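The values are calculated or read from the model by the stated rules, or taken from the named source; none is laboratory data. In this text, all values refer to a predicted model and were calculated from it rather than measured experimentally. Reconstructed Cβ throughout: ideal geometry from the backbone, glycine too, with neighbour counts over all protein chains shown. For accessibility, only protein heavy atoms count, side chains too; no ligands or nucleic acids. Shrake-Rupley method; radii C 1.70, N 1.55, O 1.52, S 1.80 Å.
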Amino acid sequence: MNIRFIALISVAAVVGLLGGLWLATQSPDEDDQFAQCRASTVAGGAGAIGGPFTLVNGKGETVTDRDVITEPSILYFGYTFCPDVCPLDVARNVVAVEILEEQGMSVTPVFISIDPERDTPEVVGDFAANMHDRMIGLTGSSEQVAAASKAYRTYYKAQDGDEDYYLVDHSTFSYLVMPEHGFVEFFRREVSPEQMAETIGCFVNNA
């Protein structure tokens, strides 16, 4: 695991745009119950992001999106061997979750690995447990991970390296998903946990 300390992800903060997302000020929509909460919009509409997935949790159990997203959830696609970007992003998400907990709102942080070769169920389970006691860690076969990534229009590509130590370029958005509504918002990595919590709280209160 020395790779955490000797390497950097080269384009992780940039390639997110390759997933097809774009950020803009959204005009109010009287038919949108979350209009006052939205700070961003998505090409093709919110319905263009998200969808069913089948993955494997930290216990080795096959689960679907219906099993995982049982309350407002923050999804992040990354990998446990990531030296800096993923731990910082996931930690930010956890702080936002803890702020919301103090306000009486329960939100589940979810980590989906895009490195199934190294991120076994046990590895993602340990990673998630170390980050937050309610975080759900997910992995799966290469095909399952690719399908989940495609649903959320994320990008990832492993760099050349030996089979144990290599980096994975990937997009860095976090996604707010709600059981009855699906994907509703995404967050760039520069958003603070306080800003994130405020936005998520708005969605929860207006659901």
*region 66-131, accessible area per residue, ligands and nucleic acids excluded (1.4 Å, Å²)*: 36
_Ser142, Ser171, reordered so the largest accessible area comes first (probe 1.4 Å)_ = Ser142, Ser171
_Amide H within-cut-off set for Val56, under 5 Å, with H built and near neighbours excluded_ = Val63, Thr139, Gly140
*Determine which residues of region 132-147 fall in the zone a paramagnetic label at Lys59 would reach in this model, i.e. backbone nitrogen under 18 Å from the point 7 Å along Cα→Cβ.*
132-140
